[in-house]
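Notes follow once the structure below has been shown.
The values are calculated or read from the model by the stated rules, or taken from the named source; none is laboratory data. For clarity, every value in this text was computed on a predicted model and none was experimentally measured. Cβ: placed from backbone, ideal geometry, glycine included. Neighbour counts: every protein chain shown.
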Amino acid sequence: MNRNKAKLKFRPNSFEIIENGDYVVCAVSGKNIPLDQLTYWNVDLQEAYYSPKEAKIRFEEIKKNK
């Protein structure tokens, strides 16, 4: 199976597929996230996160830099 990276537009409660693909990459860990398992993202930064752990890491980084 040839896996392709998707391009998404993140919205508050959903995402729009801009370019078809099977996965996106976590902005913090670099892990591939299958689209059917994508649960965590940041609308303002337009970033996907593998799990709540990565989302918290990014939130703490943003909070620290304010």
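I'd like the full set of residues that are touching a strand residue (DSSP E or B) at 6+ places or on another chain (Cβ under 7 Å) and either surrounded by fewer than 10 Cβ atoms within 10 Å (Cβ to Cβ) or not charged (D, E, K, R) (or both), limited to the stretch 8-17.
LEU8, PHE10, PHE15, GLU16, ILE17
Can you report the number of residues in the stretch 33-64 which are at pLDDT below 95 and in contact with a helix residue (DSSP H, G or I) (Cβ under 8 Å, 6 or more places away or on another chain)?
0
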